[in-house]
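Participant: Okay, here's the structure, questions in a sec.
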Amino acid sequence: TDAYLEWPLSLDHEPLILRLNQARAGGGTRIASGVIAALEHQHPPGYPLVGLIGRLAALLPVGGFAFRINLLSAALIALACVQVGRLTDRLAAGAGGGARWPGTAAALLAGAGHTAWAQAISAKGAVYGLNAVLLLELIQLSISKGTAGRPAAKAGLIAGLGMANHWM
C-alpha cells in the first residue's frame, strides 16, 4: 500500500517530523510545492493566498524547502483543530454548559483523525487547512452575539480571503 495513505498512528509509522521533511507524491503535494516555490498558480483559479503564505513560510530558517511548506500545512491543520475546540466551547456555553472539556475533546478528536493527519503532512494540506480555519472563523462570527466593531465587514474580509484561498 502507499505509505501516504497509511493510518498515521500505526505502530510502524515513522515520526511526523520525518514525514514533514519529504514531499509526498499523493494529493498533488509535489505540484503544490513547486507552485509555491515559483510563486505561480497550479490551475485556474489556483490557490493564490496559500501561494503567498507558503512563500513566506519558505523563508523560515529551518529545515529544507519541503519541511517548511509541510510545516505550514501542519500548523494550519493544528489551528483548524483549535478553532473546532473554540467553536465547541462556544456552543457548549450557549447550551448552558460551563465546562471547557467539550472543546478540548473536540479539538483532540479533530486532530487525531486520519484526514487531519494526512493533510498535515502534505503541502496541499495547507489549502484545506487554511480553508477550514477561515470557514470555522466565519461560523464563529455568525453565531456570536454582540460582536464589537463591524461584523459584516469582518465576515466579508474572511469570506474574501476564503475565496482567494480556494473556491470550494
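Participant: Scan region 83-116 residue by residue and report those that are at pLDDT below 85 and either crowded, with 20+ Cβ neighbours inside 10 Å or of a type in the set (K, R) (or both).
Facilitator: If the condition is that a residue be at pLDDT below 85 and either crowded, with 20+ Cβ neighbours inside 10 Å or of a type in the set (K, R) (or both), then R100 is the only one that fits.
Participant: When you look at A164, is it farther than 16 Å from Y47 by Cβ and part of a helix (DSSP H, G or I), yes or no?
Facilitator: Judged against the criteria, A164 is not a match.
Participant: Got a number for residues in region 60-74 being open to solvent by less than 50 Å² (accessible area, probe 1.4 Å) and either over 14 Å from I36 (Cα atoms) or not charged (D, E, K, R) (or both)?
Facilitator: Adding up the residues that qualify gives 8.
Participant: Quick one: which of L79, L134, L52 is without any contact (Cβ under 8 Å) to a residue 40 or more places away in the chain, within 22 Å of A155 (Cβ to Cβ) and under 10 Å from the mean Cα position of the chain (by Cα)?
Facilitator: L134
Participant: Another question, if that's okay. Go through region 47-59 and give me each residue that's open to solvent by 20 Å² or more (accessible area, probe 1.4 Å) and outside any helix (DSSP H, G or I).
Facilitator: Within region 47-59, Y47, L59 qualify.
The values are calculated or read from the model by the stated rules, or taken from the named source; none is laboratory data. Here the structure is a predicted model, which means the values were calculated and not measured. Neighbour counts are summed over all protein chains in view; Cβ atoms, including those assigned to glycine, are modelled from backbone coordinates with ideal geometry. Just the protein is used for accessible areas: all its heavy atoms, side chains included, with ligands, DNA and RNA removed. Shrake-Rupley method; radii C 1.70, N 1.55, O 1.52, S 1.80 Å.
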